[in-house]
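Each remark here refers to the structure printed beneath this line.
Values in this text are rule-based calculations from the coordinates and carry no lab data. Since we're looking at a predicted model, the values are computed, not measured. Here the Cβ is made from the backbone with ideal geometry for all residues, glycine too, and neighbour counts use every protein chain on show.
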Amino acid sequence: MSSKCTYTVYSSSLSKKGGNYKSTSPGLAAKKACAQLLKSSKDDEASCTFELRELGVHDKVFCYQGKRKLKDKPLVIKMGGNDITIKWDYVVKPCSPAVKTI
């Protein structure tokens with residue numbers, strides 16, 4: 001089993017930083033970070049550009065562009081007796097250059 005690394009938002013176009021996102025790859029952590037960054041946005045198709053840095057590794061930064069789209073039909077999941085509605089799809093793509101050193 002792969003070990004999970006912890007990533008944090010180093011900088012973003014929304015002027016938000018921080019947060020801890022655990023994942024086996026920076027791409028999966030970027031999807032989680034994108035969801036948190038765009039959570040407070042009122043736009044149906046919001047987007048942002050942000051950089052992730054792995055905690056403990058100070059010289060490598062991963063750059064991503066994230067976008068949120070409203071689903072055609074919301075997904076309803078039953079978890080612990082509660083219904084959870086998922087209304088958004090998050091698409092995350094690497095920027096150019098995808099990895100840079102600081």
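Each stretch of four or more DSSP H residues adds -39500 (n - 2.57); spread over every residue of the chain, this sum gives -3500 deg cm²/dmol at 222 nm. Which of S41, S11, S23 ends up with the largest GNM mean-square fluctuation for the chain, with Cα atoms connected below 10 Å? Of S41, S11, S23, the most mobile in the Gaussian network model is S41.
Between K71 and N20, the simple spin-label model (points 7 angstrom out along Cα→Cβ) gives 2.9 nm. Basic side chains Lys and Arg get +1 at the Cβ, acidic Asp and Glu get -1 at the Cβ, and with that the dipole of the chain about its Cα centre reaches some 120 debye. Can you figure out the FRET efficiency of T101 with K78, using R₀ = 35 Å and their beta-carbon distance, to the nearest 0.05? Calculated transfer efficiency: 0.15. Taking only the C-alpha atoms of the chain, Rg followed by Dmax gives 14.7, 47 Å.
With a Förster radius of 25 Å applied to the beta-carbon distance between S13 and D59, the computed FRET efficiency rounds to 0.65.
For an R0 of 22 angstrom, estimate the FRET efficiency from the Cβ-Cβ distance between T6 and D89 and round to the nearest 0.05. It comes out at approximately 0.30. A cysteine counts as unpartnered when no other cysteine's C-beta lies under 4.7 Å of its own; in the chain this applies to C5, C34, C48.
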